[in-house]
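Some notes on the structure that comes next.
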Amino acid sequence: MLDEWNMGTIPHPPGRDPELLDAPNSDFVKPMQKLFSWSQELGPIFETQAPGFGMVVASGSDVCKDLFDDGRFEKFAGFGMEAFRPITGDGLFTARNDEENWGLAHRVLLPAFSKEALARYHEPMRESVEKFIAYWHEQRQPVDVGSESTKLSLDIIGRAGFGYDFGTMGPEAGRHPYVDAMVEALMFSVLPPDLQEQRRADFEGWVRLLNKTVDAVIEERKDNPHHEQRDLLDAMLRNVDPETGRTLPEENVRYQITTFMVAGYGTTASLISFALMYLYSHPDVLEEVRQEAAEVLEGQHPTFAEVPKLRALRRVIDETLRLWPPTPAFLRVAKEDTTVGGVHQVAEGGWAAVLTRALHHDEAWGPDRHEFRPSRFLPDEVKARPAHIYKPFGTGPRMCIGRQFAIHSATLALSALTTEFDLQLSEEPLSVAEGGFFIPDNLTATLTRRS
Ligand code: MNH
């Protein structure tokens, strides 16, 4: 497990038990935040172990720079990814690098993320945002920012990606069972093997529910064969691979649908939640964003072409993704025997988790690295620092395919929400949940319509 690493040079968490190793000190509810706090104590690289399990965790700028070298390292689709295969199989996210269906789906689906495609998603995204605003205008009680953002982002990916209405803003206004199943399944995938065994039956139930939802999405499209939306689902069902002339196999389409649902809603919900938190706790930044909207936009809400002109808002998004990157970690595996950070030897097949949030708090960001300061994303500051210390969307050929989709929809949502509402945020210390991605779980907001 850690056999490929030269352990002599790598520190581990304090108080390690001879038999249970780090398990008694681990946090199975908020594992990633525990890893973050260990990283602040232990430095750029450390290892953690539990019976039958071991992992190297990287967060230092120099170590990560090596791990991002595509000549020597590549995405590792094992560990948590492997555990998630029953749900997303050889879909884009969990596919191994050498699986034929990765290349096939990458080529087939890339056009669905082009600028032209994004322009087609603009209207359905706007519809989602408008629906959400109307829904928020009806709220009389303080709302939970995390779960509300999830309703919005699930509506966006459903509507813009699949022409499907999850009904997240309906009168019942509860959480969609699909979301619960997804979060549970994601949590399951990072549990140690013995705990997974105990919960196997639950897991299978969640997988059945997820599959049922996918069937409903496909059925609805089959009932509307003249659907001319040319959305993500349409690309999955009909796009032809320019290299082989093939379309995606049916089973793979199902995996892709779930993949894009998982990858698409929680990450964007996370981004929107934390951005709202930062905006409404930094009046000067909020004012700058509103000022910009007043100057740049012709109408009330941005058109497709206006979205990229909202530069101040974009810096808020970039800085939010730095401080709370929605996906806590991604994995890199050595393609050859090599060294990272100058001293840590790793043999071919050795892997490490890159702890994105810790990398984003590295000393390379300067003395104010723990502060929310969107101006650090002004072009001159960006140019003056190394690119490898900012990786919210991962790295290399397996980097996020949906980043423009996410940024576009988050910009639309945040621009409209800051225009329409004042939010009075709750003041208790922030608590962040981890259902595969970070999301605030105790942040509430009292909504006031702006005049
Ligand atoms: Mn997304 C891969 C972060 C939004 C679809 N995404 C990744 C990876 C990260 C990531 C990190 C790389 C993981 C790895 O190396 O193992 N993604 C994000 C973040 C947001 C996001 C922070 C929003 C903010 N992602 C989206 C959206 C979609 C999407 C929206 C779809 C509509 N992401 C994907 C897919 C992959 C991916 C698909 C896998 C790409 C591949 O391996 O080919």
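The values are calculated or read from the model by the stated rules, or taken from the named source; none is laboratory data. Predicted model only: the values in this text are computed from it and were never measured. Reconstructed Cβ throughout: ideal geometry from the backbone, glycine too, with neighbour counts over all protein chains shown.
Being under 16 Å from Asp62 (Cα atoms) and surrounded by fewer than 20 Cβ atoms within 10 Å (Cβ to Cβ): is that true of Thr339 here? Answer is yes for this residue. Within the option set Lys65, Lys34, being among the basic types (Lys, Arg) and in contact with a His (Cβ under 7 Å, 6 or more places away or on another chain) holds for one residue only, Lys65.
The residues in the stretch 94-114 that are farther than 20 Å from Thr247 by Cβ and either free of Cβ contacts under 8 Å to residues at least 60 places away in the same chain or touching a Gly at 6+ places or on another chain (Cβ under 7 Å) (or both) can be counted, and the count is 2. Sub-6 Å Cβ pairs linking a first residue in the stretch 385-405 that is closer than 20 Å to Ser153 by Cβ to a second residue that is among the aliphatic types (A, V, I, L, M), at least 6 apart or interchain, are Pro392/Leu321; Phe393/Met399; Gln404/Leu118, ordered by first then second residue. Just one of the listed residues (Val57, Val29) is surrounded by 18 or more Cβ atoms within 10 Å (Cβ to Cβ), of a type outside the set (Lys, Arg) and under 22 Å from Gly436 (Cα atoms), namely Val57.
Scanning the stretch 415-451 for residues that are surrounded by 18 or more Cβ atoms within 10 Å (Cβ to Cβ), more than 17 Å from the chain's Cα centre (by Cα) and closer than 17 Å to Gly266 by Cα gives a single hit, Leu443. Of the residues making up the stretch 384-417, just one is part of a loop (DSSP other than H, G, I, E, B), away from the ligand (no atom under 14 Å from the Cβ) and in contact with a Phe, Trp or Tyr (Cβ under 9 Å, 6 or more places away or on another chain), namely Arg385. Go through the residues of the stretch 100-108 one by one and say whether even a single one is touching a strand residue (DSSP E or B) at 6+ places or on another chain (Cβ under 8 Å), at pLDDT 95 or above and either of a type outside the set (Val, Ile, Thr) or farther than 26 Å from Ala181 by Cβ (or both). No, every residue in the stretch 100-108 fails to be touching a strand residue (DSSP E or B) at 6+ places or on another chain (Cβ under 8 Å), at pLDDT 95 or above and either of a type outside the set (Val, Ile, Thr) or farther than 26 Å from Ala181 by Cβ (or both). The requirement of being of a type outside the set (S, T, N, Q), more than 16 Å from the ligand (Cβ to nearest atom) and modelled with pLDDT of 95 or more is satisfied by Phe421. Using the structure shown, decide if Glu41 is without any contact (Cβ under 8 Å) to a residue 40 or more places away in the chain and among the acidic types (Asp, Glu). Taking the combined requirement at face value, the residue satisfies it. Considering the stretch 96-105, and only residues there that are more than 11 Å from Gln256 (Cα to Cα) and in a helix (DSSP H, G or I), the residue that is farthest from the ligand (Cβ to nearest atom) turns out to be Glu100.
Of all residues in the stretch 10-24, exactly one satisfies the criterion of being part of a helix (DSSP H, G or I) and surrounded by 12 or more Cβ atoms within 10 Å (Cβ to Cβ), namely Ala23. Scanning the stretch 137-153 for residues that are within 22 Å of Leu430 (Cβ to Cβ) and outside any loop (DSSP other than H, G, I, E, B) turns up Val143, Asp144, Val145, Gly146, Ser147, Glu148, Ser149, Thr150, Lys151, Leu152, Ser153.
Whether a residue is within 16 Å of the ligand (Cβ to nearest atom), over 27 Å from Ser149 (Cα atoms) and not aromatic (Phe, Trp, Tyr) was assessed, and Asp234 does not pass this test.
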